[in-house]
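To keep things clear, I will list the structure first and then write my remarks on it.
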Amino acid sequence: MSPTEKRTVRVLGIDPGSTITGYGIIDSNGARSVYVAHGHIRVKGDSFPDKLGHIHSELIDVIDQWHPEQSAIEQVFLSNNPMSALKLGQARGAAITALVTRGLPVSEYAARSVKQVVTGTGSSAKEQVQIMVKSLLGLNRPVQVDAADGLAIAICHAHSGLNALKGQPAPRRRQRGRGLRL
């Protein structure tokens, strides 16, 4: 590999949920991303601890099948319903535990940041994210909404986090107005 050529890294993106957890896997060199796989885990179990265990074990299976080198997960957002936010946080914890169990570095991204990277605006609708994920990865079939979010998180990491993890500065963005420009 030449010094100017970037190494390709396999990234697993996870959209945690207490009912459905979506995931997406891409190969990326930080500038170009290639689709590998996607799916969703429809959570099963009689009790909530059983459901969390199901998320954990299913993600372990995904990791063992696809062998990602890095992972990214969506951060918990504030909700009007504290119980929903608590359950989402616990589902997220089960997912993070699976990642850490398999020795993967975990990066976290806010939903607005993911939408900003994928669609160009942080207030995009889920349908816009689905359309852009299909376009960016050249997919010709529909992608389930939670899986599309998982792919979007992987894309966000690939296009913002990989450069930082490799010790390279993130690409500069043009800014308007006055002030310090880096």
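Here, each number is a calculation from the coordinates, and none is a lab measurement. Note that the structure is predicted; figures quoted are calculated from it, not measured. Neighbour counts are summed over all protein chains in view; Cβ atoms, including those assigned to glycine, are modelled from backbone coordinates with ideal geometry.
Among the chymotrypsin sites (Phe, Trp or Tyr not before Pro) in the stretch 62-113, those placed in a DSSP loop whose Cβ has at most 13 other Cβ atoms within 10 Å are 77.
With a cut-off of at most 11 other beta carbons within 10 Å, and DSSP calling the residue loop, which GluC sites (Glu not before Pro) in the stretch 1-98 qualify? Please list them. Don't skip to the answer; put the middle values down first.
Numbers: sites: 5, 58, 69, 74; in loops: 5, 69.
Filter output for the stretch 1-98: 5.
Label separation (residue 113 vs residue 125): 2.7 nm, computed from points 7 Å beyond Cα along the C-beta direction.
Counting Lys and Arg as +1 and Asp and Glu as -1, each charge on the Cβ, what is the dipole of the stretch 1-70 about the Cα centre in debye, to the nearest 20? Mind dumping the intermediate values first?
Working: 7 positive and 9 negative charges, 49 e Å.
For this selection, approximately 240 debye.
What would the Debye formula give as log10 I(q)/I(0) at q = 0.10, 0.19 Å⁻¹ for the alpha-carbon point model of the stretch 9-165, no solvent? Treating every Cα as an identical point scatterer, log10 I(q)/I(0) equals -0.31, -1.15. Listed by chain and number, the lysines placed with their C-alpha closer than 24 angstrom to that of residue 115 are 87, 126, 134, 166; residues fewer than eight positions away on the same chain are left out. Across the stretch 1-97, Cα-Cα pairs more than 23 Å apart make up 32 percent of the total. Computed from the Kirkwood radius of its Cα pairs, the Stokes-Einstein diffusion coefficient for the stretch 64-137 at 20 °C and 1.002 mPa s stands at 153 µm²/s.
Sort 140-146, 15-21, 124-130, 112-118 for me by packing, meaning the mean count of neighbouring Cβ atoms within 10 Å per residue, highest on top. Working shown, then result.
Details: 140-146: 13.9, 15-21: 21.9, 124-130: 16.1, 112-118: 20.3.
Packing order, densest peptide first, comes out as 15-21, 112-118, 124-130, 140-146.
Remark: spin-label model distance residue 42-residue 57 equals 1.8 nm, labels positioned 7 Å along the Cα→Cβ axis. For the pair the stretch 53-87 / the stretch 122-158, the C-alpha centres are spaced 17 Å from each other.
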